[in-house]
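Enquirer: One structure coming up, written as structure tokens, with questions to follow.
The values are calculated or read from the model by the stated rules, or taken from the named source; none is laboratory data. Since the structure is predicted, the reported quantities are computational estimates derived from the model, not experimental observations. Cβ: placed from backbone, ideal geometry, glycine included. Neighbour counts: every protein chain shown.
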């Protein structure tokens, strides 16, 4: 078993006034040679966007882009003709493939938008761009793992072009559960959204990240009422 621990206050930080963004891995002007990625997980940004502001139209290609709102209403538009709003309790995915342009704005005039922007390196290049958005609230589980992303279009949650599985864990204090790796060669990056948790001897606080690989399973224990995102990705890609 191998592990890596990223304490919340070691993340990169950018303050653009209208945008405050914490980077778990290298992004834009933030560079740390030891924080390029975790396997196929390339970007994990914890973003906060001021009311009425946002990201203007910009291009992407050959990347799986996942957005998970934590607070407020995020408005999305893209060159595929999509116009949508995503809120807490939903998940959005966009396969950039051969190329797509999109914009994201805080549509509220009196409230921040907070969301996770996640990039996963795909296992197929030059695919046809696609967009999907679903509610994950209706399948919410307590004290169990809730799958919100997988490689299988017929499985629970959204799907992407990569052998990756994302799960949300909403645990009451004192609850614990074993997580089993889906595929040999995968690792899991655990990101604590709220509360605190423990894996082995490692205690994780709010917004801490913990990567674990070269193991078949591990046990996640909630030290307080907690919400945790688990992102399983190939370590070689």
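Enquirer: Among the residues of the range 79-89, are any touching a strand residue (DSSP E or B) at 6+ places or on another chain (Cβ under 9 Å), touching a residue at least 40 places away in the same chain (Cβ under 8 Å) and crowded, with 20+ Cβ neighbours inside 10 Å?
Expert: Yes, because at least one residue in the range 79-89 is touching a strand residue (DSSP E or B) at 6+ places or on another chain (Cβ under 9 Å), touching a residue at least 40 places away in the same chain (Cβ under 8 Å) and crowded, with 20+ Cβ neighbours inside 10 Å.
Enquirer: Here's another thing I want to ask about it. Can you pull out the residues in the range 97-117 that are closer than 24 Å to residue 150 by Cα and either in a loop (DSSP other than H, G, I, E, B) or in contact with a helix residue (DSSP H, G or I) (Cβ under 7 Å, 6 or more places away or on another chain) (or both)?
Expert: 97, 98, 99
Yes/no per residue for (1) closer than 27 Å to residue 212 by Cβ; (2) in a loop (DSSP other than H, G, I, E, B); (3) in contact (Cβ under 8 Å) with a residue 12 or more places away in the chain:
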site: 3; (1), (2), (3): yes, no, yes
site: 9; (1), (2), (3): yes, no, no
site: 14; (1), (2), (3): no, no, yes
site: 21; (1), (2), (3): yes, no, yes
site: 34; (1), (2), (3): yes, yes, no
site: 44; (1), (2), (3): yes, no, yes
site: 52; (1), (2), (3): no, yes, yes
site: 55; (1), (2), (3): no, no, yes
site: 59; (1), (2), (3): no, no, yes
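Enquirer: Continuing with this model, one more query. Just one of (1) free of Cβ contacts under 8 Å to residues at least 24 places away in the same chain; (2) outside any strand (DSSP E or B); (3) surrounded by fewer than 19 Cβ atoms within 10 Å (Cβ to Cβ) trips up residue 25, so point out which.
Expert: Failed condition: (3).
Enquirer: What single numbered condition from (1) in a strand (DSSP E or B); (2) under 18 Å from the mean Cα position of the chain (by Cα); (3) closer than 18 Å to residue 229 by Cα fails to hold for residue 94?
Expert: (3)
Enquirer: Let me confirm something: among 187, 195, 97, which residue is surrounded by 19 or more Cβ atoms within 10 Å (Cβ to Cβ), in the same structural domain as residue 229 (by TED's automatic domain parsing) and either modelled with pLDDT under 95 or under 24 Å from residue 62 (Cα atoms) (or both)?
Expert: Step by step, each of 187, 195, 97 is checked, and only 187 is surrounded by 19 or more Cβ atoms within 10 Å (Cβ to Cβ), in the same structural domain as residue 229 (by TED's automatic domain parsing) and either modelled with pLDDT under 95 or under 24 Å from residue 62 (Cα atoms) (or both).
Enquirer: Right, another one. Give the residues of the range 35-66 that are in contact with a strand residue (DSSP E or B) (Cβ under 6 Å, 6 or more places away or on another chain) and under 15 Å from residue 164 (Cα atoms), sorted by residue number.
Expert: 38, 39, 40, 41, 42, 43, 44, 63, 64, 65, 66, listed by residue number.
Enquirer: Quick check on my filter: what residues within the range 198-225 are crowded, with 23+ Cβ neighbours inside 10 Å and within 17 Å of residue 11 (Cβ to Cβ)?
Expert: Those that are crowded, with 23+ Cβ neighbours inside 10 Å and within 17 Å of residue 11 (Cβ to Cβ): 204, 209, 210.
Per-residue answers, yes or no, for (1) over 20 Å from residue 233 (Cβ atoms); (2) surrounded by fewer than 13 Cβ atoms within 10 Å (Cβ to Cβ):
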{"residue": "129", "(1), (2)": "yes, no"}
{"residue": "139", "(1), (2)": "yes, no"}
{"residue": "158", "(1), (2)": "no, no"}
{"residue": "173", "(1), (2)": "yes, yes"}
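Enquirer: Does residue 39 fit the bill of being surrounded by 14 or more Cβ atoms within 10 Å (Cβ to Cβ) and modelled with pLDDT of 95 or more?
Expert: Working: surrounded by 14 or more Cβ atoms within 10 Å (Cβ to Cβ): yes; modelled with pLDDT of 95 or more: yes.
Spelling it out, residue 39 is indeed surrounded by 14 or more Cβ atoms within 10 Å (Cβ to Cβ) and modelled with pLDDT of 95 or more.
Enquirer: Kindly check whether there is at least one residue in the range 113-121 that is loosely packed, with under 14 Cβ neighbours inside 10 Å and more than 21 Å from residue 38 (Cβ to Cβ). Before the answer, list the steps.
Expert: Keep residues of the range 113-121 that are loosely packed, with under 14 Cβ neighbours inside 10 Å, which gives none.
No, the range 113-121 contains no residue that is loosely packed, with under 14 Cβ neighbours inside 10 Å and more than 21 Å from residue 38 (Cβ to Cβ).
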